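**Q** This is the structure I want to talk about, given as C-alpha cells.
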Amino acid sequence: MGKIKSFTSEKVFERVFQLWFLCFPFGAGFLTLSLGFFTIYPSLFVSGILFILTLFFKPYKLDKFYMMILAFWAVWLIYALARLVILPVINFHDAIFDLRSLFMFALTIYLVFLSVKILGWEKFRKNIADLSLVLFVIFTVIGFFEFFSGIHIAGMRTLKILNEPVSNVTYAPFFVYDNPNNFIVYYFLFSLLIMLFHESIRRNIWALITIVLLVFFFSYVADARFGKYSSYLMIIVVLFAFRPKIKIVFYALALAFAILCFLWKPLFYGPVWQNGEKYQLNELTCLQTDSTLKICSIKDLKNSYSEDTLMAKIAAYKNSKGESGNIRLGLIKNGLYLFKQSRFLGVGPGQFISYHRIKKVPVDVGTQLSAHAWLIEILSQYGVIIFICYIAVFGFIFLRAASKFRNDKNLTLFFLMSIIVFFIVSNLPSAFLLLDINWIFTALILVFYKNEFSGA
C-alpha cells in the first residue's frame, strides 16, 4: 500500500505531467510503434499514464465552469458518433480519424482540468510557464538550424522542394510536421503561453519584443501571411501595454533622425515599389538545346523576345500553377456548399476530406483535401449548433475577461490578444482538429480564464 501511495503522490503526478507536456509537440515524430490498425507514440502513451494517475487521487469536485466545458465537448463527441451511425458517411476511415482527434481533444481538456485541481493553480502555472519557455527555446534553435543549414527531416514537402525554385520557404523550418505552417502555429502558441503564464516575461518589454520579432521572422521566412498579421497585432499590444514606460520623446527623436537619413540621400526602390516581375528575370536561367546544350541567363533571350513578352510568359506560368489564396477561397466555398447540403447539420466527422477526395464539391481545388480554415472545418462537418456553441465558449471568456480590464490592464490585454491570435494562426495548417497544440492551448486558455478572471 505504501508503494502505491508513493507512486501516486503529487510529486510523481507532477513529473508525469511535465513529461506529458514536453512530449506532445513531437507527436508521432519519434519512437513510434505501429500496431497495424493503431500507432503508439510517447505523447499518447504518457497521456494514458496521466489519465490512470488521476484515478488514484481523491475525487475532485470540478467547478461548474469546468463541468460545462466538459459537457459541451462530450456533447460534441456524442453528436459526431451519432452522425456517424444515423446518417452513413462517405468514408468510414476519414470519420474514425476525425473522431480520434475529437476524443483526444476532450481527453486533453479533462487532463488539464484535473491537473490544475491536483497540483494547485500556482504550481500548475509555474510548470506551464517554465515548460513553455523550454519548448519555445528548443523550437527557436531548431528553426535557426533549419534556416541556416537548409537541412530538414525528409518528407513529402521536401520532395516538392526539389522541384521548386530556391526561396525563403526552402529554408523555413519544418521539424517533424513536414509543413512550415504547422511549425509556425506551435511556435506562436508557445509564445502566447509564455506571455500569459510567465509573469516576469510578461512584464519585461524587451523579452516580449524579442519573442514577437522571432515569431515574425519565422513567419516571414515561411511566407505565412496569417503569422505576419498576428505578429503585427502582437507588437501593437506590447507597445500599447508598456506605453507609460516608453520614453516617447527619445524614440521620436531617433525615428526622426532615421527618416532624415532616407530623405537626405537618393533612394533605390526595390521589387516592392518597382515592377517586381523584372527582378524575376535576374533569377532565371535558360536552357537552349537547338544543337548543343547551352546554359545562359534568360536576359540573353532579349535578342529574340521583348522584356514584356518574357514577363508575360512568366506570369502565365505562375498563374497556371495556381495561387494559394484562390485555393483557400475555393475550399471555403466548398465548405459552405457542404454546410448547406447537409441542411446546416454538418456532413459528419472527417467528411470534408471525403467529399473532396471523390470530387463531390463545386470548386476544383486540385489535390487539396483539408479545409485550411478551422471555421469551415467545424461548420461544414458538425453543423451550426456545435459551431455556435464553440464560438460561444470563447466569446464568453473573451467578454468576461474584457470586463475585468481595469483590474489588471496588462494581463487582460495579453489574454484577449492570445484568443484573437489563436483564432488567426489556427487557419495556417491544413486542418484544425488533428493538431495537439490546439487541444492543449484551448485547455490552457480555459483554465487561465477560470483562475485569473472568474474570481476562482
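**Q** Among the residues of the range 57-71, which ones are touching a residue at least 24 places away in the same chain (Cβ under 8 Å) and surrounded by fewer than 14 Cβ atoms within 10 Å (Cβ to Cβ)?
**A** As a first pass, look at the range 57-71 and keep what is touching a residue at least 24 places away in the same chain (Cβ under 8 Å): 57, 60, 62-63, 65-66, 69-70.
Correct list: Y60 only.
**Q** So, in the range 335-357, of the ones that are part of a loop (DSSP other than H, G, I, E, B) and out of contact with any Leu (no Cβ under 8 Å at 6 or more places or on another chain), which residue ends up farthest from W374 (Cα to Cα)?
**A** We begin by selecting, within the range 335-357, every residue part of a loop (DSSP other than H, G, I, E, B); these are 342-350.
Then keep just the ones that are out of contact with any Leu (no Cβ under 8 Å at 6 or more places or on another chain); that gives 342-345.
Values: S342: 18, R343: 20, F344: 16, L345: 16 Å.
If we take residues in the range 335-357 being part of a loop (DSSP other than H, G, I, E, B) and out of contact with any Leu (no Cβ under 8 Å at 6 or more places or on another chain), then R343 is farthest from W374 (Cα to Cα).
**Q** Are any of the residues in the range 422-435 part of a helix (DSSP H, G or I), surrounded by 20 or more Cβ atoms within 10 Å (Cβ to Cβ) and under 19 Å from the mean Cα position of the chain (by Cα)?
**A** Going through the range 422-435, the residues part of a helix (DSSP H, G or I) turn out to be 422-425.
Those left that are additionally surrounded by 20 or more Cβ atoms within 10 Å (Cβ to Cβ): 422, 425.
Add one more test, that the residue is under 19 Å from the mean Cα position of the chain (by Cα), and what stays is 422, 425.
Checked the range 422-435: at least one residue is part of a helix (DSSP H, G or I), surrounded by 20 or more Cβ atoms within 10 Å (Cβ to Cβ) and under 19 Å from the mean Cα position of the chain (by Cα).
**Q** Inside the range 145-180, can you point out the residues that are under 23 Å from T367 (Cα atoms) and of a type in the set (S, T, N, Q)?
**A** Within the range 145-180, T158, N163, S167, T170, N179 qualify.
**Q** Going residue by residue through the range 139-146, is there one that turns out to be buried (at least 16 other Cβ atoms within 10 Å of the Cβ), under 27 Å from E14 (Cα atoms), touching a helix residue (DSSP H, G or I) at 6+ places or on another chain (Cβ under 9 Å) and not β-branched (V, I, T)?
**A** Yes - at least one qualifying residue is present in the range 139-146.
**Q** Right, something else. May I ask you to say which residue of V85, V75 is outside the structural domain of L434 (by TED's automatic domain parsing), assigned to a helix (DSSP H, G or I) and out of contact with any Gly (no Cβ under 7 Å at 6 or more places or on another chain)? If you could, list the steps in order and put the result at the bottom.
**A** Details: V85 fails: outside the structural domain of L434 (by TED's automatic domain parsing).
Exactly one residue qualifies, and that residue is V75.
**Q** Look at the range 403-415 and say how many of its residues are surrounded by fewer than 17 Cβ atoms within 10 Å (Cβ to Cβ), assigned to a helix (DSSP H, G or I) and touching a Phe, Trp or Tyr at 6+ places or on another chain (Cβ under 9 Å).
**A** Within the range 403-415, residues that are surrounded by fewer than 17 Cβ atoms within 10 Å (Cβ to Cβ), assigned to a helix (DSSP H, G or I) and touching a Phe, Trp or Tyr at 6+ places or on another chain (Cβ under 9 Å) number 1.
**Q** Take T170 and decide whether it is assigned by TED's automatic domain parsing to the domain that holds S231 and touching a Gly at 6+ places or on another chain (Cβ under 9 Å). Explain how you work it out, then say what you get.
**A** On the way: assigned by TED's automatic domain parsing to the domain that holds S231: yes; touching a Gly at 6+ places or on another chain (Cβ under 9 Å): yes.
For T170, the condition - assigned by TED's automatic domain parsing to the domain that holds S231 and touching a Gly at 6+ places or on another chain (Cβ under 9 Å) - is met.
**Q** Let me ask something else. For I184, all conditions in the list (1) free of Cβ contacts under 8 Å to residues at least 60 places away in the same chain; (2) buried (at least 20 other Cβ atoms within 10 Å of the Cβ) hold save one; what is the number of the exception?
**A** Result: I184 fails condition (1) only.
**Q** In this structure, does S132 turn out to be among the small types (G, A, S), over 20 Å from the mean Cα position of the chain (by Cα) and not assigned by TED's automatic domain parsing to the domain that holds A28? Steps first, answer last, please.
**A** On the way: among the small types (G, A, S): yes; over 20 Å from the mean Cα position of the chain (by Cα): no; not assigned by TED's automatic domain parsing to the domain that holds A28: yes.
No.
**Q** Let me ask something additional. Does at least one position in the range 29-37 carry a residue that is out of contact with any helix residue (DSSP H, G or I) (no Cβ under 7 Å at 6 or more places or on another chain) and either among the acidic types (D, E) or outside the structural domain of L19 (by TED's automatic domain parsing) (or both)?
**A** no
**Q** Being among the hydroxyl-bearing types (S, T, Y) and either under 25 Å from I96 (Cβ atoms) or touching a Pro at 6+ places or on another chain (Cβ under 6 Å) (or both) is true for just one of S403, S380. Which residue is that?
**A** On the way: S403 fails: either under 25 Å from I96 (Cβ atoms) or touching a Pro at 6+ places or on another chain (Cβ under 6 Å) (or both).
None of the other options fit; the residue is S380.
**Q** Taking the condition of being touching a helix residue (DSSP H, G or I) at 6+ places or on another chain (Cβ under 6 Å), under 16 Å from S380 (Cα atoms) and surrounded by fewer than 19 Cβ atoms within 10 Å (Cβ to Cβ), how many residues in the range 80-125 meet it?
**A** Selection size over the range 80-125: 2.
**Q** Evaluate the range 358-373: report whether one residue or more is in contact with a Leu (Cβ under 8 Å, 6 or more places away or on another chain) and not in a loop (DSSP other than H, G, I, E, B).
**A** No: zero hits.
**Q** For residues that are among the aromatic types (F, W, Y) and surrounded by 19 or more Cβ atoms within 10 Å (Cβ to Cβ), scanning just the range 204-252, find the one that is modelled with the lowest pLDDT. Let's see the steps before the verdict.
**A** So the first thing to find is which residues in the range 204-252 are among the aromatic types (F, W, Y), and the list is 206, 216-218, 220, 226, 229, 232, 240, 242, 250-251.
So of that shortlist, the ones also surrounded by 19 or more Cβ atoms within 10 Å (Cβ to Cβ) come out as 218, 226.
Values: F218: 96, F226: 93.
Taking the candidates together, the pick is F226.
**Q** Then there is this: When you check L111 against the structure, is it out of contact with any Asp or Glu (no Cβ under 8 Å at 6 or more places or on another chain), assigned by TED's automatic domain parsing to the domain that holds F344 and closer than 25 Å to Y177 by Cβ, yes or no? Explain how you work it out, then say what you get.
**A** Details: out of contact with any Asp or Glu (no Cβ under 8 Å at 6 or more places or on another chain): yes; assigned by TED's automatic domain parsing to the domain that holds F344: yes; closer than 25 Å to Y177 by Cβ: yes.
The answer is yes for L111.
**Q** Looking at (1) outside any helix (DSSP H, G or I); (2) at pLDDT 75 or above, can you tell me which one Y305 breaks?
**A** Of the numbered conditions (1) outside any helix (DSSP H, G or I); (2) at pLDDT 75 or above, the odd one out for Y305 is (2).
**Q** Could you list, in sequence order, all residues of the range 373-383 that are under 15 Å from the mean Cα position of the chain (by Cα) and either aromatic (F, W, Y) or buried (at least 24 other Cβ atoms within 10 Å of the Cβ) (or both)? Write out each step before concluding.
**A** As a first pass, look at the range 373-383 and keep what is under 15 Å from the mean Cα position of the chain (by Cα): 373-375, 377.
The answer is W374, E377.
The values are calculated or read from the model by the stated rules, or taken from the named source; none is laboratory data. As the structure is a computational prediction, the values presented were derived from the model and not from experiment. Because the Cβ atoms are built from the backbone with ideal geometry, glycine has one as well, and the counts that use them run over all protein chains shown.
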